[in-house]
Amino acid sequence: MYRLPPVSLILLLAAQNQSTAPAQEPTRTQEVVVTASAFADDPLEQPFSLETLDQAWLRTRARTVPEALQGLPGVMVQKTASGQSSPYLRGFTGFRTQMLVDGIPLNHAAMRSGPNQYWSTLDALTVERLELVRGTSSVLYGSDAIGGTVNAISRRAMVGGEGVQVGGGSFTRYSSADDAWTQRAEVSMNSGSEWGFLGGSTISHYGDLESGGGALPETGYSQYNADFRFDRYFRNGVVWTTAGQTVRQQNVPRTHKTVFAVPFQGTSLGGELQRDQDQRRDLFYTRVAWERGGTWTRNGEVTLSYQRHKEIRDRLRTGTRRDLQGFDLDDIGLTARFESEARDSGIWSWGAEVHHQSADSFRDNFVAGVLTSSAIQGAIGDDSTYDSAAIYVQDELFVRDDISLIPGLRASWFSLESDRVDNPDPGGPAILQLDESWTALTGSLRGVWYLGNESTVFAGLSQGFRAPNLSDLTSLDATSAVETPSPDLEPENYLQLEIGSKGRGGQWRWQTSVYQTWIDDMIVQSPTGALIDGTPEVQKSNAGDGWVHGVEVDVQYEIDQAWGVFATASWMNGEVDQVQLPSGTTTRAPLSRLAPLQGTTGLRWQQNGGSWWGEAWMWAVDNQNQLSLRDTTDTSRIPSGGTPGFTIFGLSGGVKINENARWSLSLENLGDKNYRVHGSGLNGPGFNLITTVELNF
């Protein structure tokens, strides 16, 4: 059984060094970001709505990386299951948002359109900071970067001093609502400023969740992470990095699909006896980066990466029927990014990216423990490949001393081949083969007006696109019809207009934005007009046109050196063409799982020159009764008529005992409110006591 180190032990260890240090209050501000431009820059100078969460925020506020984004403007973190959190960014999730790990895409060709589990495979304790770029950024990051792009920048060993130095640390987190323990141990080494190594392992055991309405059985699971990073620093400014991450999620239940589901506001129960997911992700990469300060490639990096995704779904139906379904996907990538400065034409960012993905899938059916059949494919077509290549260029130039413009252009190519695709139509061959390719040319024009006094106005018009992937063409997941493969799909297209302002003058910090995104050729299920054994046939088609717009506000005010207040708010609305199945009637309806009006406010305190910090906060979310056609049929997750709103309150605080020990305590949902984030498959935690202990040597 795991035991949290008692506070008395922590204080005893801390007594070895009683010199106090300023408190490390969790923060959402950062003086340098890299995701918006691919290289380090001042966020005030970037024509995007940005958010940066530091290491302290991730350790004290978040159970997982997706949950760290909860409550931010323009973000809704949906939870299908305890281990399957999926952020909605400006109305989009799944393969319409881009997740990066040190600039390497986590997205892959088997990723689905709706909420999924992949972001939850990141270990928050390995992240130095999390950068969120809201809105479309397809010029830099290509397909999928529609609703937003998030970059998890991993921690590295500290360097300096003389000779070889060895250190280490441990981190423990306990939360009462799910009786969950997370423990991490790590070791660090460095030789002066020549090289540094950081490696560690994280083990998490999550129990069944206790919501404000009572216990939610069969919601717990376990997760295991391990990682390393080696950085070699050369005198000429070149840095060579080799890093790896591995994660194993075991028996993550999708409870709302089972008989163990607990109704919320009249939601329906599932009919399955079990639906568990095992997830594996491995990432290894090597990178050469440099900062030489010259004009030609003054900054640059070249990255070779390998990533593997493996998942298995274990479903036990009524009676003795059981099926195992899964896939293995390997992704080999090569990315090169450069930054050059020309005397008369500004700062140029340019680069290229190539990926080769290969996937195999399976599905085995059992009755009473005996294998009865093996399907042609699993969730995606078997024996498949997905290749992509792209080049991009953008230029930052000053048209006046106080106005900069950033035009950009990206050319992309995609190719899909699948040799074993199931054909449910008995009138055709049992196995289909698909061979498709697409190209896209994407542009953007963004600008910044420097107002002085550390404030700017920014605006941008950006195209976005999403190329069809294996999930689009070969996943057959219709429930009220027979879906057949869709070989004639084209890329989805988006156009976003955004205007905003941000600043950090005096005691104020703020960021506001207004945006409109036009949707063209979104891929949706549509009937073909044919019948297969009396059931309507459907295929995916580019029938979805629509729009989404919204407003985001984030304001912070420092009352004095110790006290500060903050407030955030966001609102959005959107509609897209949808096809009513099986009739085939097309109608304009709200975007699926549209985030409701929400906001946060709170009061922060940090001891002057001391080591204590504290915060009181409130998170308020409005009702959401604007439902898509699919939302109205998702009765196990969304109550009839929509999801009710909620308001919850919390207190957080902590102390930096010395340079080697930190402790924090949070009390969340003080009123033990029974609530559910819109579109989720389980409720939020009830009253929750969270404590963390960090020790270093």
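Identify, among GLN598, ASN365, GLN98, the residue whose Cα sits farthest towards the positive end of the charge dipole of the chain, taking +1 on the Cβ of Lys and Arg and -1 on the Cβ of Asp and Glu, with the dipole about the Cα centre.
GLN598
Bin by bin, in steps of 5 Å, what percent of the Cα pairs in the range 315-417 do you find, going until the bin that has the longest distance?
Bin by bin from 0 Å, the calculated values are 3, 10, 14, 11, 10, 8, 8, 7, 7, 6, 5, 4, 3, 2, 1, 0.
Roughly how many nanometres apart are two label points built 7 Å out from the Cα toward the Cβ at ASN365 and HIS205?
My value for the distance between the label points is 3.9 nm.
Between GLU291 and MET618, what is 0.36 nm times their sequence separation minus the Cα-Cα distance? Round to one decimal in nm.
So the extension gain works out to 113.4 nm.
Would you calculate a helix-derived [θ] at 222 nm for the chain, using -39,500 (n - 2.57) for each DSSP H run of n ≥ 4 and dividing by the full residue count, to the nearest 500?
-1000 deg cm²/dmol
Under a plain spin-label model, where a point goes 7 Å from the Cα along Cα-to-Cβ, how far apart in nm are ASP314 and GLU194?
4.9 nm
I need ILE347, ILE519, ILE376 ordered by Cβ neighbour count within 10 Å, fewest first.
ILE376, ILE347, ILE519
Along the charge dipole of the range 349-446, Cβ charges K/R +1 and D/E -1, which of VAL354, VAL399, TRP413 sits furthest on the positive end?
Projecting each Cα onto the dipole axis, the largest value belongs to VAL399.
Give the residue from PRO47, SER154, SER437 lying farthest towards the positive end of the charge dipole for the chain; charges sit on Cβ (+1 for Lys and Arg, -1 for Asp and Glu) and the dipole is referred to the Cα centre.
It is SER154.
So, by mean Cβ neighbours within 10 angstrom, what's the order for 87-93, 683-689 with the highest one leading?
Working: 87-93: 27.3, 683-689: 21.0.
Highest mean packing first, the order is 87-93, 683-689.
Among (1) 17, 53, 28, 2; (2) 15, 42, 32, 10, 1; (3) 12, 24, 15, 9, 11, 11, 10, 6, 1, which is the computed P(r) over Cα pairs in 20 Å bins from 0, in percent?
Computed from the coordinates, P(r) over Cα pairs in 20 Å bins from 0, in percent corresponds to (1).
Of LYS257/LYS310; LYS502/LYS673; LYS79/LYS257, which ones are farther than 25 Å apart at the Cα?
Among LYS257/LYS310; LYS502/LYS673; LYS79/LYS257, the Cα-Cα distance tops 25 Å for LYS502/LYS673.
Using alpha carbon centroids, what distance separates the range 83-154 and the range 228-243, in Å?
Between the Cα centre of the range 83-154 and that of the range 228-243, the gap is 26 Å.
Tell me the Kirkwood hydrodynamic radius of the range 290-344 in angstroms, computed as one over the mean inverse distance between distinct C-alpha pairs. Before the final figure, lay out each step's value.
Details: mean 1/r = 0.0643 Å⁻¹.
One over the average 1/r among Cα pairs gives 15.6 Å for the range 290-344.
Please list 3J(HN,Hα) in residue order for the range 256-262, calculated via the Karplus relation 6.51 cos²θ - 1.76 cosθ + 1.60 where θ = phi - 60°; whole Hz, with x for glycine and proline.
After applying 6.51 cos²θ - 1.76 cosθ + 1.60, I find 5, 8, 10, 6, 8, 4, 9 Hz.
In whole Å, what is the distance between the alpha-carbon centres of the range 261-300 and the range 304-370?
Spelled out, the Cα-based centre of one part sits 10 Å from the other.
Starting with the fewest neighbours, write out LYS257, LYS310, LYS502 ranked by other beta-carbon atoms found within 10 Å of each beta-carbon.
The order, fewest Cβ neighbours first, is LYS310, LYS257, LYS502.
What ³J(HN,Hα) values, in whole Hz, does the Karplus curve 6.51 cos²θ - 1.76 cosθ + 1.60 give for the range 684-697 when θ = phi - 60°, with x put for Gly and Pro?
In residue order, the calculated couplings are x, x, x, 3, 9, 9, 10, 10, 10, 10, 10, 10, 10, 9 Hz.
If neighbour count is taken as other Cβ atoms inside 10 Å, put SER170, SER138 in order from fewest to most.
SER170, SER138
For a protection proxy built on the mean count of beta-carbon atoms within 10 angstrom, sort 268-280, 121-133, 666-678, 421-433 highest first, please.
121-133, 666-678, 268-280, 421-433
Only the coordinates and a few stated rules stand behind these numbers; no lab work does. Computed from a predicted structure; not experimentally measured. Methodologically, a virtual Cβ is constructed for each residue, glycine included, from the backbone with ideal geometry; neighbour enumeration extends over all protein chains shown.
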